[in-house]
1. Given Phe347, Phe361, which one is of a type in the set (A, V, I, L, M, F, W, C) and surrounded by fewer than 19 Cβ atoms within 10 Å (Cβ to Cβ)?
2. Across the range 224-247, which residue is modelled with the lowest pLDDT among those that are crowded, with 17+ Cβ neighbours inside 10 Å and over 18 Å from Gly137 (Cα atoms)?
3. Got a sec? Which of Gly203, Gly187, Gly220 is in a loop (DSSP other than H, G, I, E, B) and more than 20 Å from Leu340 (Cβ to Cβ)?
4. Suppose the filter is surrounded by fewer than 20 Cβ atoms within 10 Å (Cβ to Cβ) and within 12 Å of ligand 2 (Cβ to nearest atom); does Asn194 pass it?
5. Output the residue which, of all residues in the range 301-337 that are β-branched (Val, Ile, Thr) and touching a strand residue (DSSP E or B) at 6+ places or on another chain (Cβ under 6 Å), is nearest to ligand 3 (Cβ to nearest atom).
6. Residues of the range 302-333 being charged (D, E, K, R) and open to solvent by 10 Å² or more (accessible area, probe 1.4 Å), which ones?
7. Among what's in the range 379-392 and is among the aliphatic types (A, V, I, L, M) and under 24 Å from the mean Cα position of the chain (by Cα), pick the residue that is most open to solvent (accessible area, probe 1.4 Å).
Amino acid sequence: MDYIVSAPGKAILHGEHAVVHGKAALAVSLNLRTYLRLKASTTGKVYLNLPNIDAFLCWDLAELKQLTPYTCGKKKEVKHLDAELVRRLREFVGVTNENLDTCNMATLAFLYIYLSLFGSEELPSLTVSVWSELPTGAGLGSSAAYSVCLAAALLCASGAIPTPLWDPTAGWCQEDLELINSWAFQGEMIIHGNPSGVDNAVGTWGGMLRFLAGKIIPLGRVPLLRILLTNTKIPRSTKVLVAGVKDRINKFPSIITPVLDSVDAISCTCEKVLSEMTCEPITGEHYNILEELIDINQHHLNVMGVGHPALDTLCRVTLTRGLHSKLTGAGGGGCGITLLRPETDSFVVQSTVQDLRDYGFDCWETSIGGPGVQQHAPLSVKVEALEILNRY
Ligand SMILES: Nc1ncnc2c1ncn2[C@@H]1O[C@H](COP(=O)(O)OP(=O)(O)O)[C@@H](O)[C@H]1O
Ligand SMILES: C[C@@](O)(CCOP(=O)(O)O)CC(=O)O
Ligand SMILES: [Mg+2]
């Protein structure tokens, strides 16, 4: 057993945070991916190599055996975390409530899925290595891409879903994808606390989708959008930001609930405009509306308390070039998106990118709509990813 899977990151166009409270979100996959290689071994150990976060872990099967849950969810969709397993794992890894360490969260998510899927059987010796093109903890869904890869690879290893590589014409069927998505959601619950599920849905299915109260509606026809991605490099944690919005809703329900309703209406209006753009000639007015929606939503996100001065800088700098931006993902720093119009000239794009780099931000034009979770033959993996995964 030796295979590689990958899953894309995502950008949320509209609806971050509101989606956690049952409102609609529009999200799209990015052509930036997380890659995972899983190798079976006979070492009597489990190795987890996470070069992006400089974490290299190893456990004896004997110590992991002590943690195995009584029940095991293999082959079926799961909706809730096994609280007793989480408690044992937190104690094992040494996590306290205040401790949101990147490595601990990644370790907990891995061990939770591994032990849940293999708990009732002989635990297998494995080496799992994960490397991502996505910045970690920056709003582009790295946690979901990581969880989707873990779920897909470990479900394959446990025999719960097939290894589609043996049939090169086939990917996973809907039922397999739903199972991957449901286990990825468990990983997200461990990393985020209270995820909506939109990120793991995009990581699983790819493309553009509307997500509403757990329902995933793929948007088949969407116009080609040009988007600039900017990483302010201000570190933040989705878990903390999501909890902060909840506190604000609890403190001022009559003030914040209408803001969430307004974000919901923004997502719906944006979807309507995007759909019009696929069936009638695209006009400047379509872009004017998309830009206004971006501005309004960015103000709403500030009201929810998830803005950051670096994101204000992004919006201000791009607006001086006539471009509109908003944060994407959990905010509080991390990444923002800037909509480019079809006629936006490459000189304007280059100058904007340079202005933003002068502020110390990373900035690049990106293509959207990459495929969802995939299994790869070694030759179909990007050379850079393969080269890194081959080191372990
Ligand atoms: N490539 C990776 N290697 C290890 N852990 C990862 C990786 N990508 C994501 N993670 C996990 O996801 C967490 C970041 O999740 P989150 O705060 O939701 O930010 P994001 O916006 O990137 O999803 C990290 O702290 C880490 O635990
Ligand atoms: C804020 C939220 O809407 C998106 C979080 O995305 P990210 O982890 O910042 O990439 C939370 C969620 O939907 O689970
Ligand atoms: Mg995340």
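The values are calculated or read from the model by the stated rules, or taken from the named source; none is laboratory data. Just so it is clear, the structure is predicted and the values come from calculations on it, not from any experiment. FYI the Cβ positions are ideal-geometry reconstructions off the backbone, even for glycines, and counts take in every protein chain you see. Protein only, heavy atoms only, side chains kept; ligands, DNA and RNA dropped before computing areas. Shrake-Rupley method; radii C 1.70, N 1.55, O 1.52, S 1.80 Å.
1. Values: Phe361 fails: surrounded by fewer than 19 Cβ atoms within 10 Å (Cβ to Cβ).
It is Phe347.
2. Leu225
3. On the way: Gly203 fails: in a loop (DSSP other than H, G, I, E, B); Gly187 fails: in a loop (DSSP other than H, G, I, E, B).
Going through Gly203, Gly187, Gly220 in turn, just one is in a loop (DSSP other than H, G, I, E, B) and more than 20 Å from Leu340 (Cβ to Cβ): Gly220.
4. On the way: surrounded by fewer than 20 Cβ atoms within 10 Å (Cβ to Cβ): yes; within 12 Å of ligand 2 (Cβ to nearest atom): yes.
Yes: the conditions hold for Asn194.
5. Pass one, the range 301-337, residues β-branched (Val, Ile, Thr): 303, 306, 313, 317-318, 320, 328, 337.
Imposing the further condition that a residue be touching a strand residue (DSSP E or B) at 6+ places or on another chain (Cβ under 6 Å) reduces the set to 318, 328, 337.
Details: Thr318: 24, Thr328: 11, Ile337: 16 Å.
Looking at the filtered set, the residue picked out is Thr328.
6. If we filter the range 302-333 for residues that are charged (D, E, K, R), which is where we start, we get 312, 316, 321, 326.
Passing the criteria: Asp312, Arg316, Arg321.
7. Of all residues in the range 379-392, those among the aliphatic types (A, V, I, L, M) come to 379, 381, 383, 385-386, 388-389.
The next check asks that each one be under 24 Å from the mean Cα position of the chain (by Cα); those that pass are 381, 383, 385-386, 388-389.
Values: Val381: 11, Val383: 120, Ala385: 0, Leu386: 36, Ile388: 19, Leu389: 1 Å².
Checking each candidate, the answer is Val383.
Here's the yes/no breakdown for (1) within 18 Å of Val28 (Cβ to Cβ); (2) over 24 Å from the mean Cα position of the chain (by Cα):
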{"residue": "Ile266", "(1), (2)": "yes, no"}
{"residue": "Glu271", "(1), (2)": "yes, no"}
{"residue": "Asn297", "(1), (2)": "yes, no"}
{"residue": "Thr313", "(1), (2)": "no, yes"}
{"residue": "Gly334", "(1), (2)": "yes, no"}
{"residue": "Pro371", "(1), (2)": "yes, no"}
{"residue": "Ala377", "(1), (2)": "no, no"}
